[in-house]
Amino acid sequence: MKKASFSLILASSSPYRKMMLERFQLPFTTHSPQIDETPKINETPVELAIRLSIEKAKAVSRQFPGAIVIGSDQVATLGNAPIGKPGDFVKAQQQLRQLSGQHVQFHSALAVTDGEKLLHTNVITHCYFRTLSEEEIIHYLHTEKPFDTAGSAKAESLGITLMERMSSDDPTAIIGLPLIALANMLREFGINPTLLATTTI
């Protein structure tokens, strides 16, 4: 089934998620959800990511009735502890020292709603960091400046060299928008990206 006419909205201001969704070659717009992202008491990082992806989708859906809205959120965890965005060089340096030689899980939560039906999932990417030298960390940070990225590792670019190995059911999940899961969800709403793709976005 394919839907001839639809309004698709990405509930995000992230340039990375926008770039990923453009791979579907579907017409869409973006809209910042403007929600409170404060964790709730005793909420785990994974629960937080799932809840925020749902709340983002619902918040934008309420503003645009009838649209199909995509919400997404990502958290990285080392054990049960969240690994956030460093924000600056010094914190990124400390973060990569901590992650050196460690197994980090990136949880990419995804939600899609049309205002009535809601689908959501969480796609996990297992990242095994190499044992990093101080020289590698400093050069990488000066080159990449990954201060707005959870775990300080931009796997879509030079950050991939920090890894010993990675595994996931969806290779795009690490960038923040799991496209295999999203394509499956969109088909549930009557949008088949394979059939509707166009080069004019």
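The values are calculated or read from the model by the stated rules, or taken from the named source; none is laboratory data. It should be emphasised that the depicted structure is a prediction, and the values quoted were computed from it without experimental measurement. Methodologically, a virtual Cβ is constructed for each residue, glycine included, from the backbone with ideal geometry; neighbour enumeration extends over all protein chains shown.
Here are some notes:
- Filter result for Asp73 (within 21 Å of Thr44 (Cβ to Cβ) and acidic (Asp, Glu)): yes
- Checked against (1) among the charged types (D, E, K, R); (2) touching a helix residue (DSSP H, G or I) at 6+ places or on another chain (Cβ under 9 Å); (3) exposed (fewer than 14 other Cβ atoms within 10 Å of the Cβ), Arg62 meets all criteria but (2).
- A search for C-beta distances below 8 Å between a residue of the stretch 1-25 that is assigned to a helix (DSSP H, G or I) and any residue that is of a type in the set (Gly, Ala, Ser) and modelled with pLDDT under 90, counting only pairs 6+ apart in sequence or on different chains, returns Tyr16/Gly176; Arg17/Gly176; Met20/Gly176; Phe24/Ala197.
Okay, residues lined up against (1) surrounded by 18 or more Cβ atoms within 10 Å (Cβ to Cβ); (2) touching a Leu at 6+ places or on another chain (Cβ under 9 Å):
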position	(1), (2)
Tyr16	no, yes
Arg23	no, yes
Glu37	no, yes
Val46	no, no
Ala49	yes, no
Lys58	yes, yes
Ile68	yes, yes
Asp73	yes, yes
Ile83	yes, yes
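- Any chance Lys40 is basic (Lys, Arg), modelled with pLDDT under 95 and over 21 Å from Met163 (Cβ atoms): yes
- Matching option when the condition is over 22 Å from Asp114 (Cβ atoms) and under 16 Å from the mean Cα position of the chain (by Cα), among Thr38, Thr30, Thr77, Thr44: Thr77
- Ala59 meets each of the listed conditions (1) free of Cβ contacts under 8 Å to residues at least 60 places away in the same chain; (2) hydrophobic (A, V, I, L, M, F, W, C); (3) in a strand (DSSP E or B) apart from (3).
- Subset of the stretch 111-158 that is under 18 Å from Asp88 (Cα atoms), hydroxyl-bearing (Ser, Thr, Tyr) and at pLDDT below 95 - its residue that is surrounded by the most Cβ atoms within 10 Å (Cβ to Cβ): Ser152
- Top-ranked residue in the stretch 183-201 [being within 11 Å of Phe24 (Cβ to Cβ) and not hydrophobic (A, V, I, L, M, F, W, C); ranked as surrounded by the most Cβ atoms within 10 Å (Cβ to Cβ)]: Pro193
- Selection within the stretch 159-182 - among the aliphatic types (A, V, I, L, M), surrounded by 15 or more Cβ atoms within 10 Å (Cβ to Cβ) and over 13 Å from the mean Cα position of the chain (by Cα): Leu162, Met163, Met166
- Within the stretch 44-100, considering residues that are under 17 Å from Ser13 (Cα atoms) and of a type in the set (Asp, Glu), the one modelled with the lowest pLDDT: Asp73
- Members of the stretch 113-126 found to be under 15 Å from the mean Cα position of the chain (by Cα) and among the hydrophobic types (A, V, I, L, M, F, W, C), listed by number: Val123, Ile124
- Checklist (1) in contact (Cβ under 8 Å) with a residue 24 or more places away in the chain; (2) of a type outside the set (Phe, Trp, Tyr); (3) under 27 Å from Ala153 (Cβ atoms) applied to Val69, failing item: (3)
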